[in-house]
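Chemist: Structure in structure tokens, see below.
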């Protein structure tokens, strides 16, 4: 989780683009954390020193650790400890992938990791939430909803995206999560949940993402538009079904209306009077805009 | 040789209907009828007299619970399995009270669905 939010931090600082982030996430699956990267993380070497050793490696047929010891930058015990950590460490995969793909140098990685850990513009509570990786806390720390059930809604949606669609969803941290405008050139699957207050739930995405996620959820090709629509609405219906059961266990009763599809606009006035929110969730398969209103 | 088990699937989602169709056709031994709403389901039930009904709870107009009630009025022996993603305690209790024989949680586990339906073969 630390990894993912380090990625968001890089995105917010415009050091990488959304496209870069998607490539990084793909690359991460096969990324092996290098000893130099770990040495930076552990404070044993600087980014400049790691880059020097990498340069040396091009002319000498020796391992990174051996050269670092020869240069007196680390000792044998430290190398062994780094090798041990190499097999345990997963927090640095994103940074490693960003370097491997040429989006960052080791020097930049060193600088940005320190910045991120010291002060990334996050409050202590926000940083703590990011470090522990608690989805609900992250949503609570970053988004100011007027309806308290929305916190649980977003956390559950992230878990359901991981369960059914994509291993690496991440929320784009924005200054405001207020709903801005009707999604143009997009497909929106939506469903109303009724209790004392009507809740609008919608997931909007571009046509390409819509088709890709539909096939992923259906676990079959969905060339037929109607089948793609049925797949995405079923995902929303399933998610809302689980949400409704969770709420019912807390004595909050919701009735679900059948889900529907709207193209290039939202349905009517969304039939709500309270706050309207838009949360952009990126996945390696494309962006999902979650729209919540009550 | 025993006859195919007649299954009536009632779900407004084309995805669920397609998935059930694929699983049952793959397994063999089933004749499948599809309906997309409660009203249609009751009419098809009367015409085809299926062995089992797979019924969704959340559907437009005539919802699952109302449809179950009507099916039981038509045939009090009707065997109805509820397919649901929103199995709240109240909904499930209500469905049981109305005479549903079982539930299957969405997304459906293929093996579970087949083992549920297998027992109707050779009846």
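Quick note: the coordinates plus some simple rules give every number you see, no bench work behind them. Source: prediction; values computed, not measured. Neighbour counts are summed over all protein chains in view; Cβ atoms, including those assigned to glycine, are modelled from backbone coordinates with ideal geometry.
Chemist: Which angle from 0 to 90°, rounded to the nearest 10, does the C-alpha axis of helix B:38-48 make with the longest principal axis of chain B?
Modeler: On a 0 to 90 degree scale, this one is about 40.
Chemist: Sorted from fewest to most neighbouring beta carbons within 10 Å, what does the list A:196, B:39 look like?
Modeler: So the ranking, lowest neighbour count to highest, is A:196, B:39.
Chemist: A follow-up question, please. What's the exposure ranking of B:67, B:10, going from fewest to most Cβ atoms within 10 Å?
Modeler: Ranking B:67, B:10 by Cβ neighbours within 10 Å, fewest first, gives B:67, B:10.
Chemist: Can you give the average number of partner chain beta-carbon atoms within 10 Å of each beta-carbon in peptide A:228-234, as a whole number?
Modeler: 5
Chemist: Could I ask something else about it? Within 10 Å of each residue's Cβ, count the other Cβ atoms and sort A:284, A:257, A:59, B:85 from fewest upward.
Modeler: Neighbour counts put them in this order, fewest first: A:59, A:257, A:284, B:85.
Chemist: With N denoting the number of residues in the protein assembly as shown, provide Rg(C-alpha) divided by 2.2 N^0.38 Å, to two decimal places.
Modeler: 1.22
Chemist: Can I ask one more? Using only Cα atoms, figure out Rg for region B:5-117 and give it as a multiple of 2.2 N^0.38 Å.
Modeler: Its radius of gyration relative to the 2.2 N^0.38 Å reference: 0.95.
Chemist: Continuing with this model, one more query. Using 0.36 nm times the number of residues separating residue A:55 and residue A:265, minus their current alpha carbon distance, what extension gain do you get?
Modeler: Full extension from residue A:55 to residue A:265 adds 70.2 nm.
Chemist: Right, another one. Determine the shielding of peptide A:250-259 by partner chains: average, over its residues, the number of Cβ atoms on other chains within 10 angstrom of each Cβ. Before the final figure, lay out the partial values.
Modeler: Details: counts 0, 0, 0, 2, 2, 5, 6, 3, 9, 4.
Shielding by partners across A:250-259 averages 3.
Chemist: Shifting gears a bit: If you wrap a convex hull around the C-alpha atoms of region A:2-118 and split its volume per residue, what is the figure in Å³?
Modeler: Per-residue hull volume (Cα only) is 99 Å³.
Chemist: Quick check on the protein assembly as shown: of the DSSP beta bridges with both residues there, what percent are antiparallel, nearest 5%?
Modeler: Values: 30 of 48 bridges.
Antiparallel bridges make up about 60 percent of those DSSP assigns within the protein assembly as shown.
Chemist: Let me ask another. With everything on Cα atoms, drop me the angle between helix B:64-74 and the longest principal axis of chain B, reported from 0 to 90° to the nearest 10.
Modeler: Helix B:64-74 and the main axis of chain B meet at about 70 degrees.
Chemist: Please compute the Cα-Cα pair-distance distribution of region B:52-123 with 10 Å bins starting at 0, giving whole percents from short to long.
Modeler: Per 10 Å bin, starting at 0, the Cα pair percentages come out as 20, 52, 26, 2.
Chemist: Give the average, rounded to an integer, of partner chain Cβ atoms located within 10 angstrom of each Cβ in B:9-15.
Modeler: Average per residue, whole number: 6.
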